[in-house]
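The block underneath contains the structure these notes are about, expressed in structure tokens.
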Amino acid sequence: MVRIKHRYLLVNILYPDAKHSQLAPATKPGDNVPYTVQFRRPSPDQMNGGLLMRLIRDGVVELFGDYGSGKIAGSLQVVKYFSSATSTAIIRVSREHYRLVWSALTFTTRLPRPVDQPCVFQVVRVSGTIRKAEEEAIRRARLSIRRAEAAAKSSSVSIAGTASTTPTAVAAGEDDFDMIHGIEDPDEPGDMDVDDDG
Amino acid sequence: MAPLRPPPPLNNSKKRKEAPTNSQPNAPKRHKPTDHGQKTRDARTLSTQTTSKAFKNGELDVSAFVKSRAFEITALEEGMARSKKALNRRAFQQVPKELRRRTASHNVKRVPKRLRERGKREMADDNTPTVTARRRKPTAHMRLRLETVKKLRALGAKRNAGKDRVKPPVADPNGAAPKNPADSAPDQQQPVKTLAAIKARTPKVKQSLLATPPLPKAKFRKRQIHKSWLPTHLFHAKRARMTAPSASLWRFSIPLTPTAKSYRPTHRASHARGAVAWDMSYISTLQVEGREASLIGMLKALGVDEEELVGRQGGKWRQGRRVLEKFVFEREAPHDPIAPVTMMWCRDPAEQSAGTVEMEKRKRKLLLRVHPSAFYQLWEELLRLAKVAKPAVSVEDLRFEIGSLEITGPGGTEALLSALWPSHPIPGPLAKGDTAPTAMDIDSGSSNKNTVVEETWSALAGLTNPAVLPKNALLSFNVQDPRLHHPPRTIKLPRTETEQHKLLELIASWPVDTVQQHPELFDRKARQAASAKMPSQKAVNRRKGLAAPGEYPEPLPNDPQIPVLLYTTAPTNPDRGAPGRQSPKAGSWTLLVPWKCLQPIWYSLMYYPLSTGQQPRFGGLDQYRQSSFEAGKAWFPGDYPGTKAGWEWEYAERRKREAEWRKRPKGKRVNYKKVEVGEGGRGEVGVGWGCDWERLVGGPPVSHEGVEAAADAEKSGKSGDKSAKGVKTKAQEESQEPPQQAPPKLPHLTQLPARQALALLATPPTTTIKLPPHIHLPSALITIRLTLLTRGVPQPCARIYRLPSSTANPELRRQWLALLSSNTRNHTQKHGGKHAHPRNLPKTGHGLPQHVVQQRLAQSLLEPARAGEETYPACPGEEDLVGFVTTGSYDLAAGFGTGIGSLLVERVMGREEAGERHLCVVRNSGTGVARLGRWEVI
């Protein structure tokens, strides 16, 4: 029997422009919240798996027409994981057609109607098993915690409360200073491994 | 242990916690189907937070951000662990079906080695209670037994000590034999050699005396008081359902069916790949000895056809080169059928050298094999015949001296080859691994004349169907102790075309027929020598230990030479009436060996790694019946109700079914009184749980009351009215109490052999039939095979009707024939089950367009009626009842339901019209739907 093979896309939703956000903090960005936190802000509550699914389908239809939507229709599944609090999703799609989904995500610039917010979808990992996608998500979550704490420390915001909850972040500590304001993620694996020790 | 315990529940006997009960008292009782995927789905769902958790008072905040990430990390990690555990199966669940063991869940040693470590860990994790037999607290019953054992041991020790004190003068190992050998245990009889020197008188073989079962070991003696065990009893008792201790079958404890599911695997192993073996030691063996002429006269008296006995056809059989299977009959006037008997002659070594006079004078031996249910009948008959035979004939009962097994399936020959190593060292593929000897080699004088049979046997590697060999071929030679070559290894099979060609040549020339070798199995001394010489397992192990690694121990001159006799059985293949059925012609091997030598051979067979993978399977009685049913053969005694044994079997089955029926509550069992038996009649014909031959032969019971008798007469006059029948059946049913003993067989009920039956059926109705005077035609049965032409599966006890005659009920007859005309068109479509009829048009509805409705109408008019529709023909009346199905089920070999049954020949004679050869209507007992079928004589 031939096994049906899938690809799991680990996707982050980024919000580069805070001005258009309905949930924008009253204060100006950069005041007390580091930019890395604003950039990876939580998605609004209306944003859920179903909406993401619709977004992908519409994107694929727009880019590839009926052909594309038919190809992915059978295997697409977002419900594997979607966390609006961290703007992370794991999407499953068949191995042959994951590129269609990826490109549809890449070309998306706005979340659809009920949310209607500019955003960027970043596919950070394509893997053959959900396990590897989950591991990567964990790694990235650790990394962003570290960054947020480091940024907060540098901008002289007290993070005493948070430091105790995440001892791993403290252990990694000082090395991340040069990346505080970095927008792009360092995707080179070697770089990652260094960060990941903690 | 927690100090505070919950109050003990009322029922405190259960060790483990009970499952949580439904707290709702009025919960609906409807059972919901278990959703097995739910557990996996639950385990795979990852928990998420809402967005609000990531904000602090609706604002972005670093600490909230960090917390939400931390939550995500834990959620993902937890999810990974959970899903891993959900997919995880316990070690003992992962083994293939045939390696599963009941105790594997709490005994690590029951799982294969590669999984044992894991299993151990899992049990430790799960806190599985593991108790070894040594440390188990004995149950009350067991404790009593153990105490008794202890007491007996003490007593025995005291007694032995006392004996030792008396013994010293006798205990000298070189001295005389102990004074009372009956008292001492058999293994204490040291001075056997001295006994041999004295040369005790060999006990005279008692002829014409029933054999007694071998004395079992003291440990097992109590369990074999009213029955005996097969030589492989211990093997089967562990792996199969045996006959109940109280209800032994034919005084044997016989495996009924393996514990593992085996209906389909047995079919596959015997037809496609693998092998199935049966221990057939319960089949009785008899030996008659005397001059050839008087033996043949004896067989003639038993009703065996004369042309088979003395004609050219039986020449090879008389020389002892083939076996013959024939039905035998009683000698006295009613000539009741007894049983099918397999007969084989002992081949005479001095056949050609002797003159004709000597040939006539010499004594010959004939082996008869008969089913144990008919043994006593045949035994009596033989004794009676032996008394009157001149010159004298001696009859000997070899029941517990010769055991046998049967093996079928493509791998059967291979497995037998690996178990039976000929005693004479031969340059065959088994001994040296060289090329197989060709037929030319064996034929020509190059090889020793004495080893032709052995060489031929060894050259049969690669044979997948014993039916290819000359029909009923017989091989006899001596083999080594198979334990020396245990565990068996896969033998070398011919791979190249030339090798296979050689095999074909060998089969065609069959050099075994030319040799004159005396089969030693007929020789009592050889049998006993082989049994006595069998070394103990300890001695075998020692020899195996001394052999070089990977080598088998060298054969020694002192080794036992086990005489074996092998013959093939190919299914008789008469002209099959049912079209489209390709007959499975797989033959089988039957092996006869001395009773005590069977067990090691059996173990070698069972553990042989087949070249196609897996090992030979074993079968029970049910599998044997299944395999003969799939081959289209009738099984003795079940399918021969005209014989005494078959009658008893039918009666036992009837009681079993009745008990099964009575066990069920009234609302859940078939109400036989209300079964629609066609044309408005109600009430099953005869007893619903049996093949009611009494009713069939004797007709409906005549009641004593005048009114009913009148009604009965009226009914027999015009067949339409059957209202009286239901009442009578009821009365009969209530009055009937199942007696313990089977009632005597109906006086004239008999079973006609196929040839006679065919001759009877072929005679046109106008001519007077000349019959042997003893046959009472109104109660003569013929055995038939049955195929259903439309749908349905015949079950045991199904009623077989003929088509109603064209004078009595032409309308019904026409309806049944209408089913036939539409169905014989396409045979492949016929048995296609639900999809047989092209009913792909939409169902009737309100919104259907006109043309679709018309199409439907046209189609429904053209199609034959289906069961349950108004136009479907009713079952014919009781006056058209002709017989019953004795075995019936879905036939895996044919791919549809078939059955084997018996018919009253008189009722089907001369009822044939053109184009409706052997048509019948079959109705399962307790159902109202009848099916059209076709039968053929077997």
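Descriptive notes on the structure:
- Close amide H contacts of A:V124 (hydrogens built in the peptide plane, cut-off under 5 Å, sequence separation of 5 or more or a different chain): A:L10, A:V11, A:N12.
- Relative packing of B:105-114, B:252-261, which averages over residues the other C-beta atoms within 10 Å, highest first: B:252-261, B:105-114
- Residue exposure proxy: B:T807, A:T86, A:T106, B:T790, ordered by other Cβ atoms within 10 angstrom of their Cβ from fewest to most, comes out as B:T807, A:T106, B:T790, A:T86.
- Amide H contacts under 5 Å for B:T927: none, restricted to partners 5 or more places along the chain or on a different chain, H placed in the peptide plane at 1.01 Å from N.
- Counting Cβ atoms of other protein chains within 10 Å of each residue's Cβ and taking the mean over peptide B:40-47 gives 2.
- In this structure the amide hydrogen of B:R682, modeled in the peptide plane, comes within under 5 Å of the amide hydrogens of B:V677, B:G726, none closer than 5 places in sequence on its chain.
- A simple rule links phi to the HN-Hα coupling: the Karplus curve 6.51 cos²θ - 1.76 cosθ + 1.60 with θ = phi - 60°, which for region B:278-285 gives 10, 8, 9, 5, 6, 5, 7, 10 Hz, with x for Gly and Pro.
- Difference of contour (0.36 nm per residue) and Cα-Cα distance, B:Y607 to B:K97: 181.9 nm
- Pairs exceeding 19 Å between alpha-carbon atoms, taken from B:K316/B:K387; B:K206/B:K300; B:K227/B:K533; B:K365/B:K525: B:K316/B:K387; B:K206/B:K300; B:K227/B:K533.
- Whole-Hz ³J(HN,Hα) from phi, Karplus 6.51 cos²θ - 1.76 cosθ + 1.60, for region B:522-531, glycine and proline x: 6, 8, 4, 5, 5, 4, 5, 4, 4, 5
- Peptides B:76-82, B:467-473 ordered by average Cβ neighbours within 10 Å, highest first: B:467-473, B:76-82
- If you plug the beta carbon distance of B:R814 and B:A762 into 1/(1 + (r/R0)^6) with R0 = 22 Å, you get a FRET efficiency near 0.25.
- Inter-chain shielding of A:86-94 (mean C-beta neighbours from other protein chains, 10 Å cut-off): 2
- Approximate spin-label separation B:T490-B:E358, in nm, with each point projected 7 Å along Cα-to-Cβ: 5.2
- Derived scalar couplings ³J(HN,Hα) [region B:342-348; Karplus, 6.51 cos²θ - 1.76 cosθ + 1.60; whole Hz; x for Gly, Pro]: 9, 10, 9, 8, 7, 6, 8
- Neighbouring partner chain Cβ atoms per residue of A:140-147, average, 10 Å criterion: 4
- Exposure proxy ranking, count of Cβ atoms within 10 Å, fewest first, for B:T514, B:T408: B:T514, B:T408
- Segments B:529-536, B:873-880, B:268-275 sorted - mean Cβ within 10 Å per residue, highest first: B:873-880, B:268-275, B:529-536
Values quoted throughout were computed directly from the atomic coordinates according to the rules given, and no laboratory measurement underlies them. None of the values given here were measured: they were computed from a predicted structure. A quick note on method: Cβ atoms are made from the backbone with ideal geometry, for glycine too, and the neighbour counts reach across all protein chains shown.
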